[in-house]
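Quick notes on the structure that follows.
The values are calculated or read from the model by the stated rules, or taken from the named source; none is laboratory data. A quick note: this is a predicted structure, and the numbers were derived from the prediction, not measured. Cβ: placed from backbone, ideal geometry, glycine included. Neighbour counts: every protein chain shown. Surface accessibility is based on the protein's heavy atoms, side chains included, excluding ligands, DNA and RNA. Shrake-Rupley method; radii C 1.70, N 1.55, O 1.52, S 1.80 Å.
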Amino acid sequence: MTQPGRHVPHRQHQGPWVARLSHWFDRNILELGRELRLSYLPPLMVYLAYGIQGLTAIVGTFFVKDYLGLPASFLAALAFWAGIPWVLKMPLGHLVDLIWRYKAGLVYLGAAMLSASILIMIGLLADRAAMEAIMSAEAWYVAAVLLAPTGYVVQDVVADAMTVEAVPRLDPAGQPIDQARRKLMHTTMQTLGRVAIIGGGVLVSVANVYLFAGVAAMSEADKIATYIFIYQLALVIPLISILGVALAGYIKRRDFKRLLAHGFEPEEARLQLDRPVQQTTPNWWILGGSLVFVAFTLGMGLTNLPHNQEIIFIGSMAIVLFLMSRLMRVLDQEARLYLLGTAIIIFVFRAMPGPGAGQTWWMIDELAFDQQFLSVLSLIGSTMALVGLFVFRRFMAERSIAYVVVFLTLLSSFFYLPIVGMYFGLHQWTAAMTGGIVDARFIAIVDTALESPLGQVAMVPMLAWIANSAPDHLKATFFAVMASFSNLALSAGQLGTKYLNEVFLVTREVTDPITGQVTVPADYSELGPLMITALIIGLLLPLTAVALVKVSRLRSA
(Lines give C-alpha, C1' and ligand atoms only; values in the text may rest on other atoms or scores of the structure.)
Protein backbone atom coordinates (compact mmCIF):
# COMPACT_ATOMS: atom_id res chain seq x y z
CA MET A 1 0.00 0.00 0.00
CA THR A 2 1.31 3.43 -0.91
CA GLN A 3 2.21 5.63 2.01
CA PRO A 4 0.43 9.02 2.22
CA GLY A 5 2.37 11.81 0.58
CA ARG A 6 4.86 9.45 -1.06
CA HIS A 7 5.56 10.12 -4.72
CA VAL A 8 4.50 7.27 -6.98
CA PRO A 9 6.89 6.72 -9.92
CA HIS A 10 5.30 7.29 -13.28
CA ARG A 11 5.99 3.73 -14.44
CA GLN A 12 3.58 2.41 -11.78
CA HIS A 13 0.73 4.04 -13.77
CA GLN A 14 1.87 2.39 -16.97
CA GLY A 15 0.35 -0.78 -18.30
CA PRO A 16 2.14 -4.09 -17.67
CA TRP A 17 3.27 -4.41 -21.28
CA VAL A 18 4.68 -0.86 -21.27
CA ALA A 19 6.62 -1.61 -18.08
CA ARG A 20 7.96 -4.86 -19.54
CA LEU A 21 8.96 -3.10 -22.76
CA SER A 22 10.67 -0.35 -20.79
CA HIS A 23 12.51 -2.92 -18.67
CA TRP A 24 13.59 -4.86 -21.79
CA PHE A 25 14.81 -1.68 -23.51
CA ASP A 26 16.79 -0.70 -20.45
CA ARG A 27 18.46 -4.13 -20.07
CA ASN A 28 19.24 -4.67 -23.75
CA ILE A 29 19.91 -1.21 -25.16
CA LEU A 30 20.57 1.39 -22.46
CA GLU A 31 22.55 -1.01 -20.27
CA LEU A 32 25.00 -1.58 -23.14
CA GLY A 33 25.97 2.06 -22.85
CA ARG A 34 26.39 1.67 -19.09
CA GLU A 35 28.47 -1.49 -19.65
CA LEU A 36 30.86 0.27 -22.03
CA ARG A 37 34.29 0.62 -20.44
CA LEU A 38 37.26 2.67 -21.47
CA SER A 39 39.28 -0.56 -21.63
CA TYR A 40 37.03 -1.82 -24.46
CA LEU A 41 37.94 1.05 -26.78
CA PRO A 42 41.47 0.00 -27.89
CA PRO A 43 40.43 -3.24 -29.66
CA LEU A 44 37.23 -1.57 -30.87
CA MET A 45 39.29 1.12 -32.59
CA VAL A 46 41.35 -1.54 -34.37
CA TYR A 47 38.14 -3.31 -35.43
CA LEU A 48 36.66 -0.02 -36.63
CA ALA A 49 39.73 0.57 -38.79
CA TYR A 50 39.09 -2.81 -40.39
CA GLY A 51 35.40 -2.02 -40.83
CA ILE A 52 36.03 1.15 -42.85
CA GLN A 53 38.55 -0.42 -45.20
CA GLY A 54 35.89 -0.50 -47.92
CA LEU A 55 36.13 3.29 -48.24
CA THR A 56 38.55 2.89 -51.17
CA ALA A 57 36.98 -0.21 -52.76
CA ILE A 58 34.93 1.61 -55.39
CA VAL A 59 37.79 3.97 -56.24
CA GLY A 60 40.13 1.01 -56.64
CA THR A 61 37.67 -0.74 -58.97
CA PHE A 62 37.36 2.29 -61.24
CA PHE A 63 41.11 2.94 -61.14
CA VAL A 64 41.82 -0.56 -62.44
CA LYS A 65 39.07 -0.31 -65.05
CA ASP A 66 40.01 3.11 -66.40
CA TYR A 67 43.75 3.45 -65.86
CA LEU A 68 45.36 -0.01 -65.79
CA GLY A 69 45.56 -2.61 -68.54
CA LEU A 70 45.39 -5.66 -66.28
CA PRO A 71 43.33 -8.57 -67.68
CA ALA A 72 40.56 -10.19 -65.67
CA SER A 73 42.55 -13.42 -65.29
CA PHE A 74 45.44 -11.54 -63.68
CA LEU A 75 43.08 -9.72 -61.32
CA ALA A 76 41.52 -13.04 -60.32
CA ALA A 77 44.96 -14.46 -59.51
CA LEU A 78 45.81 -11.28 -57.61
CA ALA A 79 42.62 -11.67 -55.55
CA PHE A 80 43.78 -15.17 -54.61
CA TRP A 81 47.15 -13.89 -53.42
CA ALA A 82 45.48 -11.01 -51.56
CA GLY A 83 43.60 -13.61 -49.53
CA ILE A 84 46.74 -15.51 -48.55
CA PRO A 85 47.61 -13.22 -45.57
CA TRP A 86 44.41 -14.42 -43.87
CA VAL A 87 45.66 -17.99 -44.24
CA LEU A 88 48.62 -16.88 -42.11
CA LYS A 89 46.35 -15.99 -39.20
CA MET A 90 47.11 -19.19 -37.27
CA PRO A 91 50.93 -18.87 -37.15
CA LEU A 92 50.55 -15.12 -36.63
CA GLY A 93 48.19 -15.77 -33.71
CA HIS A 94 50.76 -17.93 -31.96
CA LEU A 95 53.47 -15.38 -32.76
CA VAL A 96 51.38 -12.68 -31.09
CA ASP A 97 51.13 -14.82 -27.95
CA LEU A 98 54.91 -15.33 -27.97
CA ILE A 99 55.69 -11.61 -28.23
CA TRP A 100 52.58 -10.26 -26.50
CA ARG A 101 54.62 -7.65 -24.68
CA TYR A 102 55.40 -6.05 -28.04
CA LYS A 103 51.86 -6.16 -29.45
CA ALA A 104 51.86 -2.38 -29.95
CA GLY A 105 54.76 -2.80 -32.37
CA LEU A 106 52.71 -5.27 -34.42
CA VAL A 107 49.83 -2.81 -34.69
CA TYR A 108 52.29 -0.10 -35.75
CA LEU A 109 53.69 -2.49 -38.35
CA GLY A 110 50.21 -3.17 -39.69
CA ALA A 111 49.45 0.55 -39.76
CA ALA A 112 52.65 1.19 -41.69
CA MET A 113 51.63 -1.38 -44.30
CA LEU A 114 48.18 0.17 -44.63
CA SER A 115 49.65 3.65 -44.95
CA ALA A 116 52.11 2.48 -47.59
CA SER A 117 49.28 0.89 -49.61
CA ILE A 118 47.19 4.07 -49.50
CA LEU A 119 50.14 6.35 -50.30
CA ILE A 120 51.02 4.21 -53.34
CA MET A 121 47.52 4.74 -54.73
CA ILE A 122 47.68 8.48 -54.02
CA GLY A 123 51.01 8.61 -55.86
CA LEU A 124 49.63 6.74 -58.88
CA LEU A 125 46.70 9.14 -59.12
CA ALA A 126 48.55 12.38 -58.34
CA ASP A 127 51.86 11.85 -60.20
CA ARG A 128 51.86 8.64 -62.17
CA ALA A 129 54.89 9.61 -64.23
CA ALA A 130 57.08 9.97 -61.14
CA MET A 131 55.91 6.60 -59.85
CA GLU A 132 56.55 4.90 -63.20
CA ALA A 133 60.09 6.26 -63.19
CA ILE A 134 60.75 3.73 -60.42
CA MET A 135 58.63 0.79 -61.65
CA SER A 136 55.48 0.21 -63.69
CA ALA A 137 52.07 1.37 -62.49
CA GLU A 138 50.87 -2.24 -62.56
CA ALA A 139 53.70 -3.32 -60.25
CA TRP A 140 52.91 -0.48 -57.85
CA TYR A 141 49.25 -1.51 -57.85
CA VAL A 142 50.12 -5.14 -57.08
CA ALA A 143 52.27 -3.97 -54.15
CA ALA A 144 49.41 -1.83 -52.81
CA VAL A 145 46.91 -4.70 -53.11
CA LEU A 146 49.17 -7.13 -51.22
CA LEU A 147 50.25 -4.67 -48.51
CA ALA A 148 46.71 -3.82 -47.38
CA PRO A 149 45.43 -7.30 -46.37
CA THR A 150 48.77 -8.12 -44.73
CA GLY A 151 48.45 -5.03 -42.56
CA TYR A 152 44.84 -5.80 -41.70
CA VAL A 153 45.48 -9.41 -40.68
CA VAL A 154 48.41 -8.43 -38.42
CA GLN A 155 46.20 -5.90 -36.64
CA ASP A 156 43.20 -8.25 -36.52
CA VAL A 157 45.16 -10.99 -34.75
CA VAL A 158 46.31 -8.51 -32.11
CA ALA A 159 42.82 -7.02 -31.72
CA ASP A 160 41.27 -10.47 -31.12
CA ALA A 161 43.64 -11.08 -28.22
CA MET A 162 43.20 -7.52 -26.93
CA THR A 163 39.47 -8.23 -26.42
CA VAL A 164 40.48 -10.74 -23.74
CA GLU A 165 42.74 -8.24 -22.02
CA ALA A 166 40.08 -5.53 -22.26
CA VAL A 167 37.77 -7.37 -19.84
CA PRO A 168 39.14 -6.79 -16.32
CA ARG A 169 39.44 -9.48 -13.69
CA LEU A 170 39.54 -6.99 -10.85
CA ASP A 171 37.20 -4.14 -9.99
CA PRO A 172 38.62 -0.63 -9.37
CA ALA A 173 39.25 -1.59 -5.74
CA GLY A 174 41.34 -4.61 -6.76
CA GLN A 175 38.71 -7.24 -5.87
CA PRO A 176 38.04 -10.20 -8.24
CA ILE A 177 34.98 -9.92 -10.50
CA ASP A 178 32.66 -12.94 -10.33
CA GLN A 179 32.44 -15.37 -13.28
CA ALA A 180 28.84 -14.57 -14.30
CA ARG A 181 29.65 -10.88 -14.44
CA ARG A 182 32.75 -11.51 -16.52
CA LYS A 183 30.77 -13.67 -18.97
CA LEU A 184 28.38 -10.78 -19.58
CA MET A 185 31.34 -8.42 -20.01
CA HIS A 186 32.94 -10.73 -22.57
CA THR A 187 29.66 -10.93 -24.48
CA THR A 188 29.41 -7.14 -24.41
CA MET A 189 33.00 -6.84 -25.63
CA GLN A 190 32.47 -9.23 -28.55
CA THR A 191 29.13 -7.62 -29.40
CA LEU A 192 30.77 -4.22 -29.57
CA GLY A 193 33.54 -5.72 -31.72
CA ARG A 194 30.95 -6.82 -34.32
CA VAL A 195 29.27 -3.42 -33.96
CA ALA A 196 32.56 -1.66 -34.72
CA ILE A 197 33.20 -3.73 -37.85
CA ILE A 198 29.65 -3.55 -39.23
CA GLY A 199 29.27 0.06 -38.16
CA GLY A 200 32.40 0.89 -40.12
CA GLY A 201 30.81 -0.71 -43.18
CA VAL A 202 27.63 1.31 -42.71
CA LEU A 203 29.65 4.52 -42.41
CA VAL A 204 31.46 3.63 -45.64
CA SER A 205 28.15 2.98 -47.45
CA VAL A 206 26.79 6.37 -46.39
CA ALA A 207 30.09 8.13 -47.15
CA ASN A 208 30.28 6.64 -50.64
CA VAL A 209 26.76 7.82 -51.46
CA TYR A 210 27.88 11.35 -50.59
CA LEU A 211 31.40 11.28 -52.01
CA PHE A 212 30.37 9.86 -55.37
CA ALA A 213 27.41 12.17 -55.88
CA GLY A 214 27.66 13.59 -59.43
CA VAL A 215 31.00 11.90 -60.19
CA ALA A 216 29.70 10.45 -63.47
CA ALA A 217 29.19 13.94 -64.89
CA MET A 218 32.60 15.31 -63.76
CA SER A 219 35.57 16.05 -65.98
CA GLU A 220 38.47 13.60 -65.86
CA ALA A 221 40.56 15.98 -63.76
CA ASP A 222 37.76 16.44 -61.23
CA LYS A 223 37.24 12.68 -61.02
CA ILE A 224 40.92 12.12 -60.25
CA ALA A 225 40.80 14.90 -57.64
CA THR A 226 37.82 13.17 -55.99
CA TYR A 227 39.64 9.81 -56.04
CA ILE A 228 42.73 11.39 -54.47
CA PHE A 229 40.60 13.01 -51.75
CA ILE A 230 39.02 9.66 -50.88
CA TYR A 231 42.43 7.99 -50.56
CA GLN A 232 43.68 10.89 -48.45
CA LEU A 233 40.61 10.46 -46.26
CA ALA A 234 41.48 6.76 -45.97
CA LEU A 235 44.74 7.65 -44.17
CA VAL A 236 42.57 7.98 -41.06
CA ILE A 237 42.27 4.14 -41.07
CA PRO A 238 45.81 3.37 -39.80
CA LEU A 239 45.63 6.43 -37.54
CA ILE A 240 42.59 5.01 -35.74
CA SER A 241 44.35 1.73 -34.96
CA ILE A 242 47.47 3.53 -33.72
CA LEU A 243 45.37 5.70 -31.41
CA GLY A 244 43.75 2.52 -30.09
CA VAL A 245 47.10 1.09 -29.02
CA ALA A 246 48.13 4.42 -27.50
CA LEU A 247 44.89 4.44 -25.50
CA ALA A 248 45.60 0.88 -24.28
CA GLY A 249 48.95 2.08 -22.91
CA TYR A 250 47.29 4.96 -21.10
CA ILE A 251 44.65 2.67 -19.54
CA LYS A 252 47.32 0.30 -18.25
CA ARG A 253 49.23 3.14 -16.60
CA ARG A 254 46.01 4.46 -15.07
CA ASP A 255 45.05 1.06 -13.64
CA PHE A 256 48.56 0.58 -12.24
CA LYS A 257 48.31 3.86 -10.32
CA ARG A 258 44.83 2.93 -9.12
CA LEU A 259 46.04 -0.39 -7.66
CA LEU A 260 48.92 1.39 -5.94
CA ALA A 261 46.40 3.78 -4.40
CA HIS A 262 44.49 0.77 -2.99
CA GLY A 263 47.56 -0.54 -1.18
CA PHE A 264 49.08 -2.92 -3.72
CA GLU A 265 52.85 -3.16 -3.90
CA PRO A 266 54.29 -2.19 -7.33
CA GLU A 267 55.36 -5.73 -8.17
CA GLU A 268 52.01 -7.17 -7.09
CA ALA A 269 50.17 -4.55 -9.15
CA ARG A 270 52.23 -5.46 -12.24
CA LEU A 271 51.42 -9.14 -11.77
CA GLN A 272 47.71 -8.32 -11.64
CA LEU A 273 47.86 -6.21 -14.82
CA ASP A 274 50.50 -7.95 -16.94
CA ARG A 275 48.92 -10.94 -18.58
CA PRO A 276 49.64 -13.67 -19.38
CA VAL A 277 51.01 -14.61 -15.99
CA GLN A 278 52.23 -17.88 -17.51
CA GLN A 279 55.15 -17.56 -19.89
CA THR A 280 54.32 -18.62 -23.42
CA THR A 281 56.75 -21.05 -25.01
CA PRO A 282 56.77 -21.88 -28.73
CA ASN A 283 54.37 -24.68 -29.59
CA TRP A 284 56.13 -26.25 -32.55
CA TRP A 285 53.09 -28.36 -33.38
CA ILE A 286 51.05 -25.18 -33.82
CA LEU A 287 53.77 -23.37 -35.76
CA GLY A 288 54.66 -26.38 -37.88
CA GLY A 289 51.04 -27.34 -38.52
CA SER A 290 50.18 -23.75 -39.45
CA LEU A 291 53.06 -23.61 -41.94
CA VAL A 292 51.91 -26.93 -43.45
CA PHE A 293 48.41 -25.43 -43.71
CA VAL A 294 49.77 -22.36 -45.52
CA ALA A 295 51.97 -24.44 -47.85
CA PHE A 296 49.09 -26.82 -48.63
CA THR A 297 46.65 -23.98 -49.38
CA LEU A 298 49.19 -22.19 -51.59
CA GLY A 299 50.20 -25.33 -53.41
CA MET A 300 46.68 -26.55 -54.12
CA GLY A 301 45.44 -23.07 -54.95
CA LEU A 302 47.97 -22.80 -57.77
CA THR A 303 47.05 -26.15 -59.35
CA ASN A 304 44.23 -27.13 -61.67
CA LEU A 305 43.59 -30.64 -60.36
CA PRO A 306 40.08 -32.08 -60.67
CA HIS A 307 38.01 -31.46 -57.50
CA ASN A 308 40.58 -28.91 -56.41
CA GLN A 309 38.18 -27.20 -54.00
CA GLU A 310 37.23 -30.43 -52.29
CA ILE A 311 40.87 -31.44 -51.87
CA ILE A 312 41.73 -28.05 -50.36
CA PHE A 313 38.76 -28.23 -48.00
CA ILE A 314 39.45 -31.79 -46.78
CA GLY A 315 43.17 -31.17 -46.38
CA SER A 316 42.63 -27.85 -44.61
CA MET A 317 40.03 -29.39 -42.32
CA ALA A 318 42.38 -32.23 -41.36
CA ILE A 319 45.18 -29.79 -40.52
CA VAL A 320 42.93 -27.44 -38.51
CA LEU A 321 41.38 -30.35 -36.58
CA PHE A 322 44.87 -31.59 -35.77
CA LEU A 323 45.84 -28.14 -34.46
CA MET A 324 42.64 -27.98 -32.40
CA SER A 325 43.46 -31.37 -30.88
CA ARG A 326 46.87 -30.05 -29.85
CA LEU A 327 45.32 -26.93 -28.33
CA MET A 328 42.77 -28.95 -26.38
CA ARG A 329 45.59 -30.61 -24.49
CA VAL A 330 46.10 -27.42 -22.47
CA LEU A 331 42.45 -27.53 -21.31
CA ASP A 332 40.95 -29.72 -18.62
CA GLN A 333 38.53 -32.52 -19.52
CA GLU A 334 35.39 -30.47 -18.95
CA ALA A 335 36.68 -27.56 -21.04
CA ARG A 336 37.58 -29.96 -23.87
CA LEU A 337 34.02 -31.30 -23.98
CA TYR A 338 32.68 -27.75 -24.08
CA LEU A 339 35.11 -26.73 -26.85
CA LEU A 340 34.31 -29.74 -29.02
CA GLY A 341 30.54 -29.55 -28.57
CA THR A 342 30.46 -25.81 -29.16
CA ALA A 343 32.68 -26.09 -32.24
CA ILE A 344 30.46 -28.79 -33.80
CA ILE A 345 27.26 -26.77 -33.32
CA ILE A 346 28.75 -23.54 -34.69
CA PHE A 347 30.39 -25.36 -37.62
CA VAL A 348 27.16 -27.04 -38.75
CA PHE A 349 25.16 -23.82 -38.34
CA ARG A 350 27.63 -21.81 -40.46
CA ALA A 351 28.12 -24.59 -43.04
CA MET A 352 24.57 -24.55 -44.37
CA PRO A 353 24.30 -24.18 -48.17
CA GLY A 354 22.29 -21.46 -49.84
CA PRO A 355 20.51 -21.14 -53.18
CA GLY A 356 23.48 -19.39 -54.80
CA ALA A 357 23.61 -16.63 -57.40
CA GLY A 358 20.55 -17.97 -59.23
CA GLN A 359 18.24 -16.43 -56.63
CA THR A 360 19.76 -12.97 -57.24
CA TRP A 361 19.55 -13.43 -61.02
CA TRP A 362 15.89 -14.30 -60.65
CA MET A 363 15.25 -11.23 -58.51
CA ILE A 364 16.93 -9.03 -61.12
CA ASP A 365 15.21 -10.57 -64.14
CA GLU A 366 11.79 -11.50 -62.78
CA LEU A 367 11.26 -9.07 -59.87
CA ALA A 368 13.06 -6.13 -61.58
CA PHE A 369 15.42 -5.48 -58.64
CA ASP A 370 17.97 -3.01 -60.09
CA GLN A 371 21.43 -2.02 -58.81
CA GLN A 372 20.11 0.83 -56.70
CA PHE A 373 17.48 -1.30 -54.98
CA LEU A 374 20.01 -4.07 -54.28
CA SER A 375 22.31 -1.39 -52.79
CA VAL A 376 19.43 -0.24 -50.59
CA LEU A 377 18.89 -3.82 -49.42
CA SER A 378 22.60 -4.08 -48.62
CA LEU A 379 22.51 -0.89 -46.54
CA ILE A 380 19.37 -2.04 -44.74
CA GLY A 381 21.01 -5.39 -44.03
CA SER A 382 24.11 -3.80 -42.53
CA THR A 383 22.11 -1.34 -40.45
CA MET A 384 19.74 -3.98 -39.09
CA ALA A 385 22.69 -6.26 -38.30
CA LEU A 386 23.90 -3.47 -36.02
CA VAL A 387 20.49 -3.12 -34.42
CA GLY A 388 20.27 -6.87 -33.89
CA LEU A 389 23.54 -6.96 -32.00
CA PHE A 390 22.13 -4.46 -29.51
CA VAL A 391 18.72 -6.11 -29.29
CA PHE A 392 20.07 -9.64 -28.76
CA ARG A 393 22.98 -8.78 -26.45
CA ARG A 394 21.33 -10.00 -23.25
CA PHE A 395 19.83 -12.96 -25.05
CA MET A 396 23.33 -14.02 -26.21
CA ALA A 397 24.83 -13.58 -22.76
CA GLU A 398 22.13 -15.43 -20.82
CA ARG A 399 21.47 -18.38 -23.15
CA SER A 400 23.67 -21.28 -24.16
CA ILE A 401 25.10 -21.44 -27.67
CA ALA A 402 22.91 -24.48 -28.38
CA TYR A 403 19.80 -22.50 -27.42
CA VAL A 404 20.90 -19.53 -29.53
CA VAL A 405 21.58 -21.70 -32.59
CA VAL A 406 18.19 -23.46 -32.33
CA PHE A 407 16.44 -20.10 -31.98
CA LEU A 408 18.32 -18.57 -34.94
CA THR A 409 17.77 -21.65 -37.10
CA LEU A 410 14.01 -21.57 -36.58
CA LEU A 411 13.86 -17.82 -37.06
CA SER A 412 16.01 -17.71 -40.21
CA SER A 413 14.02 -20.58 -41.77
CA PHE A 414 10.78 -18.76 -41.02
CA PHE A 415 12.07 -15.49 -42.51
CA TYR A 416 13.19 -17.29 -45.69
CA LEU A 417 9.64 -18.52 -46.38
CA PRO A 418 8.46 -15.21 -47.95
CA ILE A 419 11.36 -15.31 -50.45
CA VAL A 420 10.42 -18.87 -51.41
CA GLY A 421 6.79 -17.79 -51.54
CA MET A 422 7.56 -15.01 -54.02
CA TYR A 423 8.88 -17.60 -56.47
CA PHE A 424 5.39 -19.12 -56.42
CA GLY A 425 3.63 -15.75 -56.74
CA LEU A 426 3.17 -14.61 -53.13
CA HIS A 427 4.03 -10.99 -54.03
CA GLN A 428 1.40 -10.94 -56.77
CA TRP A 429 -1.29 -12.07 -54.34
CA THR A 430 -0.24 -9.62 -51.59
CA ALA A 431 -0.02 -6.75 -54.09
CA ALA A 432 -3.53 -7.51 -55.33
CA MET A 433 -4.86 -7.67 -51.77
CA THR A 434 -3.21 -4.41 -50.63
CA GLY A 435 -3.62 -2.22 -53.70
CA GLY A 436 -0.01 -2.69 -54.76
CA ILE A 437 1.55 -1.71 -51.40
CA VAL A 438 2.88 -5.11 -50.30
CA ASP A 439 4.68 -5.91 -53.55
CA ALA A 440 7.95 -7.79 -54.16
CA ARG A 441 10.12 -4.86 -53.05
CA PHE A 442 8.11 -4.33 -49.88
CA ILE A 443 8.44 -8.00 -48.96
CA ALA A 444 12.20 -7.98 -49.75
CA ILE A 445 12.81 -4.89 -47.60
CA VAL A 446 10.89 -6.22 -44.60
CA ASP A 447 12.44 -9.68 -44.92
CA THR A 448 15.97 -8.26 -45.20
CA ALA A 449 15.42 -6.05 -42.17
CA LEU A 450 14.23 -8.99 -40.07
CA GLU A 451 16.71 -11.63 -41.27
CA SER A 452 19.95 -9.61 -41.46
CA PRO A 453 20.85 -9.56 -37.74
CA LEU A 454 20.78 -13.33 -37.34
CA GLY A 455 24.14 -14.21 -38.93
CA GLN A 456 26.12 -11.87 -36.71
CA VAL A 457 24.24 -12.88 -33.57
CA ALA A 458 25.40 -16.50 -34.01
CA MET A 459 29.09 -15.58 -33.85
CA VAL A 460 29.12 -13.43 -30.73
CA PRO A 461 28.48 -16.21 -28.15
CA MET A 462 31.29 -18.32 -29.60
CA LEU A 463 33.75 -15.41 -29.60
CA ALA A 464 32.74 -14.53 -26.05
CA TRP A 465 33.22 -18.14 -24.96
CA ILE A 466 36.72 -18.25 -26.50
CA ALA A 467 37.63 -14.97 -24.81
CA ASN A 468 36.34 -16.24 -21.47
CA SER A 469 37.86 -19.74 -21.66
CA ALA A 470 41.13 -19.51 -23.60
CA PRO A 471 44.31 -19.62 -21.47
CA ASP A 472 45.82 -16.17 -21.14
CA HIS A 473 49.12 -17.24 -22.66
CA LEU A 474 47.39 -18.69 -25.77
CA LYS A 475 44.49 -16.30 -26.31
CA ALA A 476 45.60 -15.11 -29.77
CA THR A 477 46.32 -18.70 -30.82
CA PHE A 478 42.86 -19.88 -29.75
CA PHE A 479 41.16 -17.03 -31.61
CA ALA A 480 43.18 -17.69 -34.77
CA VAL A 481 42.58 -21.46 -34.85
CA MET A 482 38.87 -21.15 -34.06
CA ALA A 483 38.52 -18.42 -36.68
CA SER A 484 40.10 -20.73 -39.26
CA PHE A 485 37.72 -23.50 -38.20
CA SER A 486 34.63 -21.28 -38.52
CA ASN A 487 35.87 -19.99 -41.90
CA LEU A 488 36.15 -23.58 -43.09
CA ALA A 489 32.48 -23.94 -42.19
CA LEU A 490 31.72 -21.15 -44.66
CA SER A 491 33.80 -22.99 -47.26
CA ALA A 492 31.76 -26.12 -46.60
CA GLY A 493 28.61 -24.06 -47.15
CA GLN A 494 29.98 -22.80 -50.46
CA LEU A 495 30.71 -26.36 -51.57
CA GLY A 496 27.19 -27.38 -50.55
CA THR A 497 25.78 -24.50 -52.56
CA LYS A 498 27.79 -25.65 -55.57
CA TYR A 499 26.46 -29.19 -55.26
CA LEU A 500 22.86 -27.99 -54.98
CA ASN A 501 23.30 -25.88 -58.12
CA GLU A 502 24.68 -28.90 -59.95
CA VAL A 503 21.56 -30.88 -59.03
CA PHE A 504 19.10 -28.03 -59.70
CA LEU A 505 20.29 -26.19 -62.82
CA VAL A 506 19.50 -22.47 -62.92
CA THR A 507 20.70 -20.28 -65.79
CA ARG A 508 20.41 -16.59 -66.61
CA GLU A 509 20.23 -15.17 -70.10
CA VAL A 510 23.61 -14.57 -71.72
CA THR A 511 23.92 -12.69 -75.03
CA ASP A 512 26.80 -12.37 -77.44
CA PRO A 513 28.21 -8.82 -77.02
CA ILE A 514 28.88 -8.52 -80.75
CA THR A 515 25.88 -10.15 -82.44
CA GLY A 516 23.36 -9.64 -79.64
CA GLN A 517 22.15 -13.22 -80.02
CA VAL A 518 21.13 -15.17 -76.95
CA THR A 519 23.76 -17.86 -76.33
CA VAL A 520 22.30 -19.16 -73.03
CA PRO A 521 18.56 -18.76 -72.36
CA ALA A 522 17.25 -17.92 -68.91
CA ASP A 523 15.80 -20.91 -67.09
CA TYR A 524 14.52 -20.52 -63.53
CA SER A 525 12.23 -23.55 -63.58
CA GLU A 526 14.34 -25.42 -61.02
CA LEU A 527 14.94 -22.46 -58.71
CA GLY A 528 11.87 -23.25 -56.61
CA PRO A 529 12.97 -26.81 -55.72
CA LEU A 530 16.50 -25.48 -55.13
CA MET A 531 15.26 -22.88 -52.63
CA ILE A 532 13.02 -25.40 -50.85
CA THR A 533 15.88 -27.91 -50.58
CA ALA A 534 18.23 -25.27 -49.16
CA LEU A 535 15.51 -24.28 -46.67
CA ILE A 536 14.98 -27.86 -45.47
CA ILE A 537 18.71 -28.57 -45.12
CA GLY A 538 19.27 -25.29 -43.28
CA LEU A 539 16.49 -26.15 -40.85
CA LEU A 540 17.18 -29.82 -40.14
CA LEU A 541 20.97 -30.11 -39.96
CA PRO A 542 21.64 -27.49 -37.23
CA LEU A 543 18.81 -28.91 -35.11
CA THR A 544 20.23 -32.41 -35.58
CA ALA A 545 23.72 -31.24 -34.57
CA VAL A 546 22.37 -29.67 -31.38
CA ALA A 547 20.39 -32.81 -30.56
CA LEU A 548 23.42 -35.07 -31.06
CA VAL A 549 25.58 -32.89 -28.81
CA LYS A 550 22.88 -32.87 -26.14
CA VAL A 551 22.54 -36.68 -26.04
CA SER A 552 26.31 -37.27 -26.07
CA ARG A 553 28.98 -36.58 -23.47
CA LEU A 554 29.77 -33.30 -25.22
CA ARG A 555 28.75 -29.93 -23.87
CA SER A 556 27.97 -26.55 -25.40
CA ALA A 557 28.87 -23.23 -23.87
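Structure values in brief
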{"quantity": "Accessible area in the full protein assembly, largest first, 1.4 Å probe, for Val391, Val481, Val551", "calculated": "Val551, Val391, Val481"}
{"quantity": "Convex hull volume per residue in cubic angstrom - Cα atoms of the range 147-229", "calculated": "129"}
{"quantity": "Convex hull (Cα only) mean projected area of the range 307-458, reported in nm² to one decimal", "calculated": "12.1"}
{"quantity": "Burial order of peptide ranges 155-161, 350-356, 497-503 (average beta-carbon count within 10 Å, highest first)", "calculated": "155-161, 350-356, 497-503"}
{"quantity": "Set of the range 352-369 residues, backbone N closer than 18 Å to the point 7 Å along the Cα-Cβ line of Val520", "calculated": "355-366"}
{"quantity": "Unit charges at the beta carbon, dipole of the range 374-462: most positive-side option, Gly435, Leu410, Leu374", "calculated": "Leu410"}
{"quantity": "Size-normalised alpha-carbon gyration radius of the range 281-342, reference 2.2 N^0.38 Å", "calculated": "1.35"}
{"quantity": "Difference of contour (0.36 nm per residue) and Cα-Cα distance, Val64 to Tyr499", "calculated": "153.3 nm"}
{"quantity": "Extension gain, Glu509 back to Gln179 (0.36 nm per residue minus Cα-Cα distance, nm)", "calculated": "113.0 nm"}
{"quantity": "Ranking by accessible area, most exposed first, for Lys475, Lys183 with a 1.4 Å probe", "calculated": "Lys183, Lys475"}
{"quantity": "Calculated P(r) tail over 19 Å for the range 300-379, as whole % of Cα pairs", "calculated": "64"}
{"quantity": "Contour minus Cα-Cα distance for Arg128 and Phe407 (0.36 nm per residue)", "calculated": "95.0 nm"}
{"quantity": "Label-point separation, Val551 to Trp81 (7 Å along Cα→Cβ), nm", "calculated": "5.2"}
{"quantity": "Whole-angstrom gap from the range 177-206 to the range 300-373, using each part's C-alpha centre", "calculated": "23"}
{"quantity": "Accessible area, probe 1.4 Å, largest first, for residues Arg169, Arg37", "calculated": "Arg169, Arg37"}
{"quantity": "Sequence-distant residues sharing a close amide H with Asp523 (under 5 Å, placed H)", "calculated": "Thr507, Arg508"}
{"quantity": "Cα gyration tensor category, rounded, prolate or oblate, for the range 378-452 with a/c compared to 1.5", "calculated": "prolate"}
{"quantity": "Estimated FRET transfer efficiency when R0 is 41 angstrom, pair Ser400-Ala116 (beta carbons, to 0.05)", "calculated": "0.35"}
{"quantity": "For the range 101-179: rounded, prolate or oblate by the Cα gyration tensor [a/c cutoff 1.5]", "calculated": "prolate"}
{"quantity": "Peptides 534-547, 48-61 ordered by average Cβ neighbours within 10 Å, highest first", "calculated": "48-61, 534-547"}
{"quantity": "Met300 paired with Ala225, simple spin-label distance in nm, labels 7 Å along Cα-to-beta-carbon", "calculated": "5.2"}
{"quantity": "Computed accessible area, Arg181, all protein chains, 1.4 angstrom probe, square angstrom", "calculated": "80"}
{"quantity": "Peptides ranked, highest mean first, by Cβ atoms within 10 Å: ranges 408-420, 335-347", "calculated": "335-347, 408-420"}
{"quantity": "Mean projected area in nm² (Cα convex hull; one quarter of hull surface) for the range 82-131", "calculated": "4.4"}
{"quantity": "Coarse-grained scattering of the range 115-264 at q = 0.15, 0.20 Å⁻¹, given as base-10 log I(q)/I(0) from a Debye sum over alpha-carbon atoms", "calculated": "-0.95, -1.33"}
